[in-house]
Amino acid sequence: MFRQIMLQMKTKFNTQVRFVLKKAYAFLSTCTFRYTLFGAIYGFCLSLLATIVDLYLRGQPAPLPYRYILALQLEPIHGVINIAAVVLTIFGYLVGRNGDRFKDLTNHLEEELAKNTSELVARNAELQSEIAERQRIEGIKKKK
């Protein structure tokens, strides 16, 4: 009895884990996620690179946290550059979201096209059979 209960719990847990992993994979494979992540990474790297270059040009060693704050105090433009990470993340999100919408719309239109094509093929077959029937009837009338 205990084994049976444990087996049921394990099966239910595995089903839930598969569901969560499936949803996570679906989200991770979206354009929204990829573009948002790319924007955040690119913006962060841009900000970090600008600070490192500025500190190097000023003769400061590699940026430790307090040197990073020092760079922000010496050059306020670094604050603006740091905002670029946020802006690029938001921009990446918006572009990715539009990409996902475009992909969904494309899939919907492809489904509609396939549906309409199958309807047209069926209607064409009906019309061909009607034409053949009328030609047969006309042939019989001409013989009489």
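General observations
- Helix axis angle, 65-74 relative to the chain longest principal axis, alpha carbon, degrees: 90 degrees
- Estimated FRET transfer efficiency when R0 is 41 angstrom, pair Arg3-Tyr25 (beta carbons, to 0.05): 0.80
- Note on the range 2-143: with charges restricted to the Cβ of Lys and Arg (+1) and Asp and Glu (-1), its dipole about the Cα centre is near 760 debye.
- Cα-only Debye scattering, the range 21-67: base-10 log of I(q)/I(0) at q = 0.21, 0.25, 0.33 Å⁻¹: -0.71, -0.85, -1.07
- For the chain, the longest principal axis of the C-alpha atoms and the axis of helix 77-143 are separated by about 10°.
- Ellipsoid semi-axes for the range 2-143, based on the Cα gyration tensor and the rule √(5λ), read 63, 30, 8 Å when sorted largest first.
Each value in this text was obtained by applying a stated rule to the coordinates, not by laboratory testing. Keep in mind the model is a prediction, meaning the values are calculated, not measured. Neighbour counts run over all protein chains shown; Cβ positions are idealised from the backbone, glycine included.
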